[in-house]
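Everything below concerns the one structure shown next.
Every number here is computed from the coordinates shown, using simple stated rules; none is lab data. This is a predicted model, so every value here is computed, not measured. Please note: Cβ atoms are built from the backbone with ideal geometry, for glycine as well, and neighbour counts cover all protein chains shown.
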Amino acid sequence: MKTKWAVWGSGGIARRRTIPEGIAKADNAMLVAVYDANGAVNEDVAQTYGVWACRTEEELLESECDVIYVATPVHCHCGQVIRAARAGKHVFCEKPLGLTVEEAKKMVAACKRARVKLGVGLMMRFHAYHQEALRLVREGRLGTLVFGRAQLSCWYPPIAGAWRQDPKQGGGGSLVDMASHCIDLLEMFFGPTRRVACFTGNLVHRYRSEDTAAVLLEFASGAKGIVDSLFNVPDLSSRNRLEIYGSKGSILAEGTIGQGEAGEMVAHLAAEDAAYDAQQTRVPLGGALKIAPAPVNMYRAEVEAFSRAVLDDTDPPVDGSAGLWNQKILAAAYQSAREGKAVRVK
């Protein structure tokens with residue numbers, strides 16, 4: 001049995017990734033309709049996949065779909081998710097849920113009232129390497145977690161009409177667009193965030209959204225984390241690193257954070273009888289353990305996971321509450337950057 005998906009915003013990430021790699025390849029989902037404000041783009045996507053090219057938003061809402069995937073600019077998310085819920089459709093929305101915490105709350109409430117499921121596109125959790133790292137953490141192989149780092153940066157020069165470069169349309173720049181993924185990923189390992197301190201700015205590009213963001217996270221466990229997300233570093237120069245440190249070892253990865261399914265990851269685990277070394281010799285403790293599970297396409301994984309929740313009537317693994325919490329952390333980070341002090345997330 002397959003869920004029937006319609007796409008609201010068939011250009012952009014939907015056209016590049018989620019439709020070809022996710023919906024079209026999923027075992028339990030199928031594409032039935034698409035709509036985009038750009039009619040030519042929408043018609044091309046519809047012809048490519050042999051589905052209905054809706055001419056209006058109303059046609060999309062009235063289509064015979066189970067799920068509407070919202071992949072439009074952020075300022076459209078709130079109204080579109082609410083309309084989809086009122087039409088009785090389950091909703092899978094790209095992150096962030098909206099421009100503000102209040103918008104995210106409205107979206108969660110609307111889906112709850114309509115008794116439809118709400119999922120959020122925080123897909124980094126589904127990467128095979130991240131899941132394998134999570135297994136080691138849960139097994140206690142790293143001991144007590146003390147520190148983590150997640151990096152996601154790219155080169156994003158000024159582009160006419162780019163909504164991510166206008167905070168009124170995207171909610172912000174590199175922080176909301178990329179750090180949101182990294183924060184959610186670190187929380188998968190470390191648990192919920194308690195406080196944040198954040199610095200943002202524009203060092204290279206002069207658009208209205210920030211091109212630089214660095215966030216210091218304090219988790220409820222007491223562990224600390226850092227997220228750096230930049231729009232001003234050449235793609236080949238940004239290694240998109242993930243680092244997890246504990247009292248018994250570390251996990252170090254490169255290239256696993258991003259839109260692809262590959263990367264490199266190793267674990268440096270201390271021997272059980274490891275003692276204090278006054279020389280602080282920097283050799284792999286216990287030897288480096290290469291982590292290389294079979295790759296998993298994150299877009300397909302998130303589509304299949306949400307479809308299973310719809311078919312089995314269970315909670316999505318990344319639901320509206322996760323998206324709302326992520327939005328609260330981002331709001332606290334922006335507040336910290338404005339006020340120059342650490343802010344508690346609540």
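Side notes on the structure shown:
- Helix runs (DSSP H) in the chain reaching 24 Å along axis by Cα, Kyte-Doolittle at least -0.5: 320-339
- Alpha-carbon centroids, the range 194-248 and the range 6-35: separation in whole Å: 30 Å
- Histogram of C-alpha separations across the range 283-346, 10 Å bin width, %: 17, 23, 22, 30, 8
- The charge dipole of the chain, taken about its Cα centre with unit charges on the Cβ of Lys, Arg, Asp and Glu (plus for the first two, minus for the last two), comes to roughly 860 debye.
- When only the Cβ of Lys, Arg, Asp and Glu is charged (+1, +1, -1, -1), the dipole of the range 147-244 relative to its Cα centre reaches about 140 debye.
- Aspartates and glutamates whose Cα lies under 12 Å from that of K117, excluding same-chain neighbours fewer than 8 positions away: D66, D312, D313, D315, D319
- Identified option (computed log10 I(q)/I(0) by the Debye sum over Cα atoms at q = 0.12, 0.13 Å⁻¹; candidates (1) -0.99, -1.09; (2) -0.87, -1.02; (3) -0.78, -0.91): (2)
- When all alpha carbon pairs of the range 198-242 are counted in 5 Å bins from zero, the resulting P(r) reads 5, 20, 22, 21, 16, 9, 5, 1 %.
- Charge-dipole axis of the chain as Lys and Arg at +1 and Asp and Glu at -1 on Cβ define it, positive-most pick from N42, S238, M178: M178
- Distance violations [Cα-Cα > 31 Å] among K25/K89; K112/K224; K112/K328: K112/K224
- Cβ-based charge dipole, the range 50-117, positive-most Cα from C65, H90, T100: T100
- Whether the range 88-230 is rounded, prolate or oblate, judged on the alpha carbon gyration tensor where a/c under 1.5 counts as rounded: oblate
- Distance cut-off 20 Å, percentage of C-alpha pairs in the range 213-278 lying past it: 46 percent
- Counting beta carbons within 10 Å around each of S174, S336, S229 and listing the fewest first gives the order S336, S174, S229.
- The charge dipole of the range 1-115, taken about its Cα centre with unit charges on the Cβ atoms of Lys, Arg (+1), Asp and Glu (-1) only, comes to about 500 debye.
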